[in-house]
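Novice: Supplied in structure tokens, the structure appears directly below.
The values are calculated or read from the model by the stated rules, or taken from the named source; none is laboratory data. Predicted, not measured: the structure shown is a model, and the values here were computed from it. Reconstructed Cβ throughout: ideal geometry from the backbone, glycine too, with neighbour counts over all protein chains shown.
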Ligand code: AMP
């Protein structure tokens with residue numbers, strides 16, 4: 001079997017690394033021949049254009065992706081080539097526009113922060129009147145990792161914040177959450193769903209810093225998250241791994257957003273779960289049986305930003321694993337992650353204290 005992956009960043013690389021032991025060859029479509037995935041897969045180093053689809057996809061069993069901005073012309077060309085694109089285009093179409101994503105969630109009756117579309121000054125004033133302060137403004141298009149968003153705490157600052165975003169936005173009520181959680185699950189071609197345990201995420205400046213897995217969460221909260229997940233997966237006729245980010249507020253879950261792909265808050269599964277999210281995704285999109293998502297003890301994942309971590313120092317900590325993505329260092333760029341696995345939550349916390357200073361954040 002041969003799998004195509006659109007995008008050769010760290011997600012494409014970790015998917016390719018997971019595919020290899022299954023006997024699956026991987027071809028990654030990424031303009032930069034020296035991308036993160038280059039040491040794990042064959043790279044199709046061309047710009048992402050529909051007329052190149054036959055050269056990329058002729059012998060593929062299926063095609064998947066690590067990012068959501070896939071041109072419609074490429075989707076159509078893959079279909080014409082008879083290569084299934086999984087997860088289906090419907091899943092990422094909603095992610096091209098935050099307002100569309102919110103509307104989809106509302107149509108499905110799924111809980112999410114109250115929100116308004118803001119196109120101009122009048123829309124901004126209406127949102128302020130309806131939602132009150134504080135307010136979170138987010139660009140409708142192209143924002144990620146906390147980029148393209150602003151928290152407005154005073155009405156006088158709203159116009160400047162909106163203008164600075166430089167385009168249409170959504171305004172969301174500020175949620176005074178007790179913590180942020182996420183759920184990752186896979187749905188196979190046969191409709192079977194396998195969910196990982198809820199994990200707890202800590203963000204810094206809008207970027208994921210730390211994931212603890214499993215989160216300390218009741219069976220009822222896990223069931224609530226899984227019911228939301230099932231509704232979304234089935235509505236999208238989804239195949240592959242999907243992540244949902246939640247705010248926990250008043251003991252209940254509100255969806256922040258979803259990601260139709262493998263997700264940073266699931267990196268711990270490489271060592272910390274029976275089947276990693278990457279292997280699970282490969283299995284799902286190729287129509288192979290899904291694996292167990294049971295956790296192996298207690299894990300934590302630390303992202304490394306801006307500078308590469310010191311391998312020898314990290315690996316000297318018992319239970320620590322390093323994943324360096326082989327990327328050029330740049331400020332605020334995700335370059336690596338560290339996972340630590342332990343037999344108890346207390347032991348994990350002790351190891352985390354040693355590891356946190358070794359995970360650059362620059
Ligand atoms: P996002 O890019 O939408 O995932 O937002 C990045 C981070 O900003 C989230 O992980 C939260 O920590 C914070 N955030 C986003 N939306 C809200 C909100 N409505 N209320 C409070 N915090 C938020």
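Novice: Please work out if residue 230 is under 30 Å from residue 342 (Cβ atoms), more than 15 Å from the ligand (Cβ to nearest atom) and not assigned by TED's automatic domain parsing to the domain that holds residue 66.
Specialist: Spelling it out, it is not the case that residue 230 is under 30 Å from residue 342 (Cβ atoms), more than 15 Å from the ligand (Cβ to nearest atom) and not assigned by TED's automatic domain parsing to the domain that holds residue 66.
Novice: Going by the conditions given, is residue 136 buried (at least 16 other Cβ atoms within 10 Å of the Cβ) and away from the ligand (no atom under 13 Å from the Cβ)?
Specialist: No.
Novice: Give me the residue from the stretch 188-209 that is within 16 Å of the ligand (Cβ to nearest atom) and touching a helix residue (DSSP H, G or I) at 6+ places or on another chain (Cβ under 8 Å) and, out of that set, nearest to residue 105 (Cα to Cα).
Specialist: Initially, the stretch 188-209 is screened for residues within 16 Å of the ligand (Cβ to nearest atom), giving 198-209.
If we keep only those that are touching a helix residue (DSSP H, G or I) at 6+ places or on another chain (Cβ under 8 Å) too, we end up with 198-199, 201, 208.
On the way: 198: 20, 199: 21, 201: 22, 208: 23 Å.
Checking each candidate, the answer is 198.
Novice: Moving on. With the condition kept exactly as written, say whether any residue in the stretch 104-111 is away from the ligand (no atom under 16 Å from the Cβ), touching a residue at least 60 places away in the same chain (Cβ under 8 Å) and surrounded by fewer than 20 Cβ atoms within 10 Å (Cβ to Cβ).
Specialist: yes
Novice: Tell me which residues, restricted to the stretch 279-307, are within 29 Å of residue 60 (Cβ to Cβ) and surrounded by 23 or more Cβ atoms within 10 Å (Cβ to Cβ).
Specialist: Within the stretch 279-307, 279, 280, 281, 282, 283, 284, 285 qualify.
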